[in-house]
Amino acid sequence: MNCHLAHGQTSSQKRFNEIRTIYNTYISEAKERTAAEHDIKFFFGDLNFRIELSKEHTCLLARQEDFKEMLKYDQLLTQSSQCSFLPQLAEAPVKFPPTYKFAKNTSYYDLDKRPPAWCDRILWSAGSAVKCTRYTSVDSISFSDHKPVYGTYLVGIKRVVKIRKPQPVVLPEEYKALADAEPEFELDDAPLVFAKPPEHKERKECKPEKIQEPAPPKPIQSIDIIGLYGSTEHNDRRGDAEEGRAAGGKGRGHGSDGVLHERGADGSPRRSEQ
């Protein structure tokens, strides 16, 4: 938090009140946490704290460059108990000259107007994982009546792992009655009978059966086929007999013995000689 507190030699109480107001202010648009509720806080700027000595005495110590004696009367260090938040802030040891007030464009204190003081400071939240490796001022910059102050810090940051909140289980209406119902059961006096476990039988080793090879096929023997052929005349006579039967059983025909047979009106065969 960069801030510019009230100026003036006698405005130390006003500056403490301003610090209290800043700490209770929400510093984000979401307004989730105040400045004091954050884990690590840096509080810096022109805090405007002065030396609680007369102007003459302060200027004398400045001319002698007895800055160690001047720090004993620094308002920020001696009156921090007036603000409940200041003991929670830490500052690295001040080992650089006062940063105010200089004649413009020079590195000489303007002792005629203001006594020197350490107005520009850098504080951080005590007890946090912060380590200051350098804290000093820059004397070469002279376009202002202040000398800038800077610091180098190592800050340990926690790794935040977001865990999704478990979603509530919503049961359908037909299951709510079952979920709220109490189980009902009763015990009788019948003895409990436990079945014996099945005996373990050793598995016999299965031996593969021998597969008999099929016998070779027998050779095919040759068969003589004799064809029987009748004469043309015999076939013609047989045809005449069939025609006679078709004509009503009356007529002539040749029998199987080659003799011509005649049939009477009643269909009875009569033998005739040729």
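Structure notes:
- Count of the range 74-95 residues, restricted to those that are in a loop (DSSP other than H, G, I, E, B), exposed (fewer than 15 other Cβ atoms within 10 Å of the Cβ) and either more than 49 Å from the chain's Cα centre (by Cα) or free of Cβ contacts under 8 Å to residues at least 12 places away in the same chain (or both), is 1.
- Of the numbered criteria (1) touching a Gly at 6+ places or on another chain (Cβ under 9 Å); (2) at pLDDT below 90; (3) over 24 Å from R15 (Cα atoms); (4) open to solvent by 80 Å² or more (accessible area, probe 1.4 Å), the one R134 fails is (2).
- Residue within the range 102-121 that is hydrophobic (A, V, I, L, M, F, W, C), in a loop (DSSP other than H, G, I, E, B) and more than 30 Å from S54 (Cβ to Cβ) present: no
- Any hit, the range 38-47, residues being open to solvent by 80 Å² or more (accessible area, probe 1.4 Å), out of contact with any Asp or Glu (no Cβ under 9 Å at 6 or more places or on another chain), part of a loop (DSSP other than H, G, I, E, B) and at negative phi: yes
- Among the criteria (1) touching a residue at least 60 places away in the same chain (Cβ under 8 Å); (2) touching a His at 6+ places or on another chain (Cβ under 8 Å), the one R20 does not fulfil is (2).
- Number of the condition not met by Y135 [criteria: (1) closer than 17 Å to L47 by Cα; (2) out of contact with any strand residue (DSSP E or B) (no Cβ under 9 Å at 6 or more places or on another chain)]: (2)
- If the condition is being over 30 Å from D39 (Cβ atoms), in contact with a helix residue (DSSP H, G or I) (Cβ under 7 Å, 6 or more places away or on another chain) and buried (at least 20 other Cβ atoms within 10 Å of the Cβ), then the range 99-130 contributes Y109, P115, P116.
- Candidates R50, R20, filtered to the one that is over 17 Å from S84 (Cβ atoms) and open to solvent by less than 90 Å² (accessible area, probe 1.4 Å): R50
- Some residue of the range 142-152 being in a loop (DSSP other than H, G, I, E, B), surrounded by 14 or more Cβ atoms within 10 Å (Cβ to Cβ), of a type outside the set (K, R) and touching a strand residue (DSSP E or B) at 6+ places or on another chain (Cβ under 6 Å): yes
The values are calculated or read from the model by the stated rules, or taken from the named source; none is laboratory data. This structure is a prediction, so every number in the text was calculated from the model and none was measured. Reconstructed Cβ throughout: ideal geometry from the backbone, glycine too, with neighbour counts over all protein chains shown. Accessible surface is based on the protein model in full, side chains and every heavy atom, while ligands, DNA and RNA are left aside. Shrake-Rupley method; radii C 1.70, N 1.55, O 1.52, S 1.80 Å.
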